[in-house]
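Derivation of every value follows stated rules applied to the coordinates shown; laboratory data play no part. This is a predicted model, so every value here is computed, not measured. Every residue, glycine as well, gets a Cβ built from its backbone with ideal geometry; the counts of neighbours run over all protein chains shown.
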Amino acid sequence: MANPRTDRFILPDEKTARRYGLLNVMFGSILIFMNLWMAIFFVTADSLGGTIDFAVAAGNAAIQKERQNDLVRWQQIEANSTDATLREDAREKIKQIQARPVDAITASTMGLKALQDRRVKIYNAVETASGLALNGLMILAGAALIGLREWGRKAALAVAGIKLVRLAVLVGVSVFVMVPIQVASMSKELIEVKAQMNGAAASPAMVMISPQWISAQSMAGLILNALVASIYPILLLIKLNNARVRAACHSAAKPMLKENAR
């Protein structure tokens with residue numbers, strides 16, 4: 001009696017393989033665009049903090065000049081007017097101007113100055129360069145996966161795994177290095193802004209902002225970003241390791257299918 005056939009034919013799932021190949025190309029293209037946009041932002045934002053400081057300084061100089069001109073005008077009226085009532089009014093105006101706190105424009109770059117830190121520049125350069133490289137490979141693997149190439153499936157799995165490792169490293173560096181730098185930079189700016197206010201009442205938003213608040217917001221953003229960014233690579237690792245998807249991409253899958261179809 002012949003032994004029953006024990007080898008089992010696995011029906012290739014070409015649709016899923018091609019679907020995730022297309023998703024790789026789409027997501028990779030979007031992420032490359034975002035990488036390039038962030039690279040431009042980092043380059044331009046490096047000097048933006050200084051531009052804001054220059055604009056604030058120019059605005060405060062104009063306010064000071066206007067205040068001084070107002071003071072001189074009333075002093076001239078007091079000195080030259082023959083009307084006693086007008087001279088009295090002028091003296092009162094002069095007292096009010098001199099007693100009034102000097103108006104000043106206050107502004108914060110909201111942490112943009114931290115981008116001038118050498119460690120932040122290195123981090124941003126590595127993050128952008130690695131992102132561009134991995135997303136380029138992601139597109140290449142996706143195109144091969146659409147064509148049901150086995151090397152495309154393996155490349156897509158490798159890129160997904162590297163992306164998860166990269167994400168964990170970036171989050172770790174951000175938590176222990178980048179966030180403290182950002183918090184220190186923004187705390188320094190807030191102290192400077194409050195000092196420029198000359199005792200004026202702070203806005204509710206200004207009162208709420210503190211180093212602890214900045215740190216908590218940064219940490220929450222990091223965690224949310226890490227969770228969202230890890231969804232697709234994890235899904236890819238699961239789906240592309242499926243036996244039917246492997247069969248669709250394996251070089252022997254099509255001949256096997258023809259032989260079993262006879």
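The phi-based Karplus calculation (6.51 cos²θ - 1.76 cosθ + 1.60; θ = phi - 60°) puts the 3J(HN,Hα) values of segment 168-182 at 5, 5, 4, 5, x, 5, 5, 5, 9, 10, 5, 4, x, 5, 5 Hz, whole numbers, x for Gly and Pro. Between residue 99 and residue 68, residue separation times 0.36 nm minus the direct Cα-Cα distance comes to 9.8 nm. For segment 77-82, the Karplus equation 6.51 cos²θ - 1.76 cosθ + 1.60, evaluated at θ = phi - 60°, returns couplings of 5, 4, 6, 9, 6, 9 Hz by residue, with Gly and Pro reported as x. Simple spin-label estimate for residue 212 and residue 41 gives 2.9 nm between the two label positions (7 Å along the Cα-to-Cβ direction from each Cα).
With a cut-off of 12 Å between beta carbons, the residues surrounding residue 232 carry a summed charge of +2, where Lys and Arg count +1 and Asp and Glu -1. The phi-based Karplus calculation (6.51 cos²θ - 1.76 cosθ + 1.60; θ = phi - 60°) puts the 3J(HN,Hα) values of segment 134-151 at 5, 6, x, 5, 4, 5, 4, 5, x, 4, 5, 5, 4, x, 6, 7, 5, 5 Hz, whole numbers, x for Gly and Pro. Annotation: amide H-H contacts under 5 Å for residue 117 (H modelled 1.01 Å from N, sequence separation of 5 or more, or interchain): none.
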